[in-house]
1. Just a yes or no: is a residue in region 91-108 over 20 Å from TRP39 (Cβ atoms), touching a Pro at 6+ places or on another chain (Cβ under 6 Å), at pLDDT 85 or above and not basic (Lys, Arg)?
2. Of everything in region 99-118, what is in a loop (DSSP other than H, G, I, E, B) and touching an Asp or Glu at 6+ places or on another chain (Cβ under 8 Å)? Give them in sequence order.
3. Among the residues of region 139-146, are any at pLDDT 80 or above, assigned by TED's automatic domain parsing to the domain that holds ASN40 and not in a helix (DSSP H, G or I)?
4. Residues of region 29-76 being modelled with pLDDT under 90 and basic (Lys, Arg), which ones?
5. Can you name the condition, by its number, that PRO115 falls short on among (1) closer than 18 Å to PHE75 by Cβ; (2) in contact with a Lys or Arg (Cβ under 7 Å, 6 or more places away or on another chain); (3) without any contact (Cβ under 8 Å) to a residue 24 or more places away in the chain?
Amino acid sequence: MPSTKTLEVGGGEIWHVKPGQVIKFAEGILWRDLPMFSWNLTERFQGPKLYLFDTNPNPATPLAAMTYWKNINTFTALVSVHPGVKKKTTQKAPVLANMAQIGRSTLARALEHSPGTRLGKNSELHAPAPAQWLRIAGDALEKLCAEAKERMPAGDFWRVGGGSEILCW
């Protein structure tokens, strides 16, 4: 049976939230009022180099950028395979449906572009993120690939070997 959770909302204020209770802030209701979730997620998925240039509050170190990139990919991979998310939100929040496709782009960015290219620059910062996708959502990625509904442009490593478009990762 789910239990009451403690939520520290800042300024020393602590709320005790019962299962199913609506969490309402002055700005809106948590989760229901996230109209810009997909925009923010898309913004965060520009790759780890984004964090090197983000000046809010300060640019990240390479290690911090790699960690942030791994963390947002871990979160997205977990959401992509969570049965509650898949079942309940596909119609209510389409942005949460088919999030495994984001994993495909993460893998391609990390593994398909040589360091001498624009997309391959800082490739060492990408490495932990696809590992998380494979650990957490490998089955979902495999299923997505088996369906072969979408194609992705190939990176230069693949093209050098004679490949063209990638059906999947």
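The values are calculated or read from the model by the stated rules, or taken from the named source; none is laboratory data. No experiment lies behind these values; they were computed from the predicted model shown. When we count neighbours, we look across all protein chains shown, and the Cβ atoms used for this are built from the backbone with ideal geometry, even at glycine.
1. yes
2. To start, the set of residues in region 99-118 that are in a loop (DSSP other than H, G, I, E, B) comprises 99, 112-118.
Hits for region 99-118 are GLU112, HIS113, SER114, THR117.
3. no
4. Hits for region 29-76 are ARG32, ARG44, LYS49.
5. (1)
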